[in-house]
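Engineer: Pasting a structure below so you can have a look.
FYI, it's all coordinate maths here, none of it is from the lab. What you are looking at is a predicted structure, and each value in this text was computed from that prediction instead of being measured. For neighbour counting, all protein chains shown are included, and Cβ atoms are generated from backbone atoms with ideal geometry for every residue, glycine included.
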Amino acid sequence: MSPLGRNWTLITSLTLIPLGIIIQLICPLNYFKFNLFHMSPESLESVFATRAAELREYIFAQPASTFKNNPWALATAIETFANTKRHMMIFRDKKLDVARAQLAAQQPAPRTILEFGTFVGKSALAWAAILRDIHGESVPAGVNVYTFELDPQMVSLARDLVRLAGVDDVVHVLEGPASESLTTLHARGVVTSVDMAFFDHWEQFYLPDLRLVEDLGLFRVGSLVIADNTDFPGAPEYLKYVKSGGRLDAGSVRYESVSYETETQRGKPVSFVSCVDTWDADADGSIECCGSQYRGLCELIRL
């Protein structure tokens, strides 16, 4: 399938823009991602390991006081570092701004965030900072970010950065498959409800992991989900599922979407956030709208 075919959903929503302009917007970023995702697993592991080591050296060469109890400062430093390096697949500030606004608007205020894919920990730091902004400097008990990561080197780096920023009481970096970690957390009664789930690991796991969150009954009406990198190599089954409304079983949630445009630091406006209302299906199968604000499941589509 061509790159345009992979992005058919977004292109149909931009029918007023000439096709040539769409191609111009798509190609620069997809060229980078094409190179990245056509590397062998060994090459990818080597590149990511190198970037993690370089980032560690960059951060810890600076005075610890720069980042002490300041997750925003550390997240900004990681973004600054990423702007000078290739193959730093972090959740950029422009996208984060949209997610931040959605979280700030949630009622009741968000307390539990799941993150599938930690990488170096930039977004986990940001989620902790956002929760602090919402709840105040003295974050109440029960406010947590659980972030799942397979790579031991990334786990070690993320834990060190979380500790450096003083948010290790909020952010918990769990090593191993996300599905296993989440199932264990739920079985132990640690996680019983989720206000936001963020998918930023391997795209083929987006839909299975989303369904796991549903199976465990963790979403509430108004829960938020963000899925990054759904365009290339893409998460077509995930997109098909959420755009069709998800499960329509009695007692489940239903998803509908609206898009927002963001702009990355590198390149032109090429990122779109689609936030969806969450609906509740009652026992007889009818659908009741639970609010007019766009405050439900969210997917982030990068072009």
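Engineer: For segment 95-168, what does the relative contact order come out to in percent, with C-alpha contacts under 8 Å and a separation of six or more?
Structural biologist: Once normalised by length, the contact order is 38 percent.
Engineer: Of the options 150, 136, 185, report the single residue whose Cα projects farthest towards the positive end of the charge dipole of segment 113-206 (beta-carbon charges: Lys, Arg +1; Asp, Glu -1).
Structural biologist: 136
Engineer: Can you tell me the order of 216-222, 105-111 when each peptide is scored by its average per-residue count of other Cβ atoms within 10 angstrom, highest first?
Structural biologist: 216-222, 105-111
Engineer: Give me the Kirkwood hydrodynamic radius of segment 79-228, using the inverse of the mean 1/r over all pairs of distinct Cα atoms, in Å to one decimal.
Structural biologist: Details: mean 1/r = 0.0646 Å⁻¹.
Kirkwood radius, segment 79-228: 15.5 Å.
Engineer: Would you mind checking the radius of gyration and Dmax of segment 42-104 based on alpha-carbon positions, in Å?
Structural biologist: In Å, with Rg to one decimal and Dmax whole: 13.5, 40.
Engineer: Order these peptides, 133-146, 156-169, 112-125, 183-196, by their mean beta-carbon neighbour count within 10 angstrom, highest first. Display every interim value, and only then the final one.
Structural biologist: On the way: 133-146: 13.9, 156-169: 19.6, 112-125: 26.6, 183-196: 15.5.
Averaged packing, sorted descending, gives the order 112-125, 156-169, 183-196, 133-146.
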